[in-house]
Amino acid sequence: TYRLRGAILANNVLSDVSELATRAHAVVNGGEHRGYIQKDGSFVVENLTLGDWLLEIQSADYAFPKLHVRIATNDEGRASVAARYVQIGSEWSEDAPVLAYPLKIEASAKYDFFTPRQGFSIITMFSNPYMLMVGASLVAIFIMPKLQANLDPEALKELQEK
């Protein structure tokens, strides 16, 4: 079996790598193998065999690129690791440049789950369906009697009989 080594580097998105130590994992093939991220950002995934693997850094706070990792042996029988960035849903291509080993991965984005609350707006309040129903009811209560007062007496008598 083989080990996959790497490190997460600080950049403008993730300034302090020690934040990830307890909240992120290095995961291979969706959880078949798992490595824990140390306070210095390094990680090791154990017990990998020869073949192709998908390496992901799972974090609730930051997005990381996914890597296609190929572990193979050369003519001398030594293991070699070739890692390339990959997009999920696309073919694993050999055209992408090979990354240096041990792997060095940087965060690509910070997740933002919360949106700031909107301030008060009178237009938003009156576009609410409940406010529109209240407005229609008020129109019926206050304007309908005034319309009936303007009717001629014969039409008013017909409405009252019905």
For this session: Please work out how much accessible surface residue 123 shows to a 1.4 Å probe, ignoring ligands, DNA and RNA, in Å² rounded to 10.
Result: 130
Exercise. Which percent of Cα-Cα pairs in segment 30-82 sits in each 5 Å bin, short to long?
Worked result: 4, 15, 24, 26, 15, 9, 4, 1, 0
For this session: Looking at the chain, send over the antiparallel percent of its DSSP beta bridges, to the nearest 5.
Result: 90
Exercise. Lysine pairs in the chain with alpha-carbon atoms under 22 Å apart, 8 or more places apart or on different chains: how many are there?
Worked result: 7
Exercise. Which GluC sites (Glu not before Pro) in segment 40-136 pass both tests, a DSSP loop state and at most 12 other beta-carbon atoms within 10 Å?
Worked result: 76, 91, 94
For this session: Calculate one ³J(HN,Hα) per residue across segment 101-111 by plugging θ = phi - 60° into the Karplus curve 6.51 cos²θ - 1.76 cosθ + 1.60, and present them in order as whole Hz with x for glycine and proline.
Result: 10, x, 5, 10, 10, 10, 5, 9, 6, 9, 6
Problem set entry | 0 to 90° range, to nearest 10: angle between helix 129-149 axis and the chain longest Cα axis | 10
Exercise. Which value, in Å², gives the accessible area per residue of the chain when a 1.4 Å probe is used on the protein heavy atoms?
Worked result: 72
Exercise. When the scattering of segment 117-162 is computed by the Debye formula from its Cα atoms alone, each counted once and equally, what is log10 I(q)/I(0) at q = 0.20 Å⁻¹?
Worked result: -0.73
Seminar exercise, completed: Per the helix-only model, the chain has a calculated mean residue ellipticity at 222 nm (DSSP H runs of ≥4, -39500 (n - 2.57) each, divided over all residues, rounded to the nearest 500) of -6500 deg cm²/dmol
Seminar exercise, completed: Expressed to two decimals, segment 31-162 has a Cα Rg over Rh, using the Kirkwood radius, of 1.57
Exercise. Of all accessible surface on the chain at a 1.4 Å probe, what whole percent is carbon and sulfur?
Worked result: 55
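The values are calculated or read from the model by the stated rules, or taken from the named source; none is laboratory data. All values derive from a computational prediction rather than experimental measurement. When we count neighbours, we look across all protein chains shown, and the Cβ atoms used for this are built from the backbone with ideal geometry, even at glycine. Each accessible area value is taken on the protein alone, full model and side chains, heavy atoms only, with ligands, DNA and RNA left out. Shrake-Rupley method; radii C 1.70, N 1.55, O 1.52, S 1.80 Å.
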